[in-house]
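What follows is a short report on a single structure.
The values are calculated or read from the model by the stated rules, or taken from the named source; none is laboratory data. Computed from a predicted model, the values in this text were never measured in an experiment. Using ideal geometry, Cβ is built from the backbone for each residue, glycine included, and neighbour counts are taken over all protein chains shown. The area values use the complete protein model at the heavy-atom level, side chains included, leaving out ligands, DNA and RNA. Shrake-Rupley method; radii C 1.70, N 1.55, O 1.52, S 1.80 Å.
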Amino acid sequence: MPSATFDPEVLMRRALRLARRGLGRVEPNPMVGCVLVKDGRIVGEGWHRRFGGPHAEVYALRQAGQAAEGATAYVTLEPCSYHGKTPPCADALIRAGVREVVASTTDPNPRVNGAGLRRLRRAGVKATTGLLEREGRELIAPFRKRITTGRPYVIGKWAQSLDGRLAAADGTSKWISGEAARREAHALRARVDAILVGVGTVLKDDPMLTARGGRVRRRAARVVLDSQLRTPTTSRLIRSVAEGPVILMTTTDAARSARAAALRRRGVEVVGVARSGRRPGVRSVLRELGRREMTNVLVEGGACVLAAMLSAHDLDEAWVYVHPMLIGGRGAPQVGAELNLPTLRSAMRAANVTVRRVGPDVCFRLRFGEA
């Protein structure tokens, strides 16, 4: 390999790429990658591959064998310092004789949060953090949100016309986006813990909310915000409950009703949460999903639900597919129309934006807040 390959930033970027291979497989743990370097040569590398399995450092150390002694470890996250489902990685690095550990960012888990670095330093291992820290923090943003707030990382996804319509005035919306964008949407579904919609979407579209056409990394729970339990027992969601969990989030009163009991007999989970007005409160719903250790939640609609997430500042990321068409119509649904933003000063702005061409569509990936 050319010498430039062993620039510290290049090595950390390699570790970050390795870490992303665990997307959709390691949650509720964070994605982590590790590269071991000695005498100008990569002697071992690894990534956390599945929840409950060995961590990235363990795979890298196994590959390196005795060559790990005196090596430098480039790891995307501070090595853990406590015994969970696996032993502490900090101890494994110490036993292997690693000379130096370079971490991108510290672990936000209160059980670690600097303790892994301190353990390494007490053992005589040079331990630093901060290399490509922004990228490292972005990598673990879903884990950090859940571990620090108790709520999952929320991704909103919708397709709209150039004039911002999610559907025509008569309610028709198939298909605003092109085939390539729809394939991406299914790939996104395939790696999240839950797919969430409002009952209006269920009544209008009768969706399955399953991932199709690719490799499914996680079987997402299908979550419906349904204050009056209007989800039909004949809907495809209810009839397919054996294919994946269906959770109806409703008010505490509705959760005690005869209708709730009938739905439970069909295998549906009915959960009552605190209300916001007459509807299940968005924040209460997310706390319940976080309690279940869900890390990534995909919100697919409708406009009211997406706007509620935005208004509560709980939409962390949005994938917006814009198709080159004009729909028009005063009654056509729009996410922006549901937001109370009367002035330009009150407008919501994304902290980070990436733009891609996806077939005939343009995908705006918006991140709100800091990584």
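What accessible area per residue, rounded to a whole number of Å², is obtained for segment 106-202 using a probe radius of 1.4 Å? For segment 106-202, the solvent-accessible area averages 41 Å² per residue.
When Cα extents along the principal axes in Å is calculated for this entry, the matching label among (i) 156, 52, 36; (ii) 65, 55, 40; (iii) 67, 46, 41 is (iii). Net charge in the neighbourhood of VAL58 (other residues with Cβ under 14 Å of its Cβ; Lys, Arg +1, Asp, Glu -1) is +2. If the chain linking ARG264 and ALA312 were pulled fully straight, counting 0.36 nm for each residue of separation and taking away their Cα-Cα distance, it would gain 14.3 nm.
Counting only alpha carbon atoms, the long axis of helix 282-291 and the longest principal axis of the chain meet at about 40°. Ordering 215-224, 152-161 by mean Cβ neighbour count within 10 Å, with the highest value first, yields 152-161, 215-224. All other residues whose Cβ lies under 14 angstrom from that of VAL299 are scored, Lys and Arg at +1 and Asp and Glu at -1, for a net of -1. Protection proxy ranking of 35-47, 352-364, by the mean of other Cβ atoms within 10 Å over each peptide's residues and highest first, is 35-47, 352-364.
Here the spin labels are modelled as points 7 Å beyond Cα on the Cα-Cβ line, and at LEU326 and HIS186 they lie 3.3 nm apart. Structural descriptor for the chain: relative contact order 15 percent, calculated from alpha carbon pairs under 8 angstrom and at least 6 residues apart.
As a calculated quantity, the FRET efficiency between ASP7 and THR149 at R0 = 35 Å, using C-beta atoms, amounts to about 0.45.
For SER276, the amide hydrogen comes within under 5 Å of the amide hydrogens of GLY281, counting only partners 5 or more places away or on other chains and with H modelled in the peptide plane. Between 0 and 90 degrees, rounded to the nearest ten: what's the tilt of helix 8-19 against the longest Cα principal axis of the chain? The two axes meet at around 50 degrees. Hey, any idea what % of segment 32-140's accessible area is carbon plus sulfur with a 1.4 Å probe? Carbon-and-sulfur percentage of accessible area, whole number: 45. When each of the peptides 187-200, 82-95 is scored by how many other beta carbons lie within 10 Å of its residues on average, the order from highest to lowest is 187-200, 82-95.
How long is the gain from HIS83 to ARG21 if the chain were fully straight, where each residue apart is worth 0.36 nm and the alpha carbon distance is subtracted?
19.9 nm
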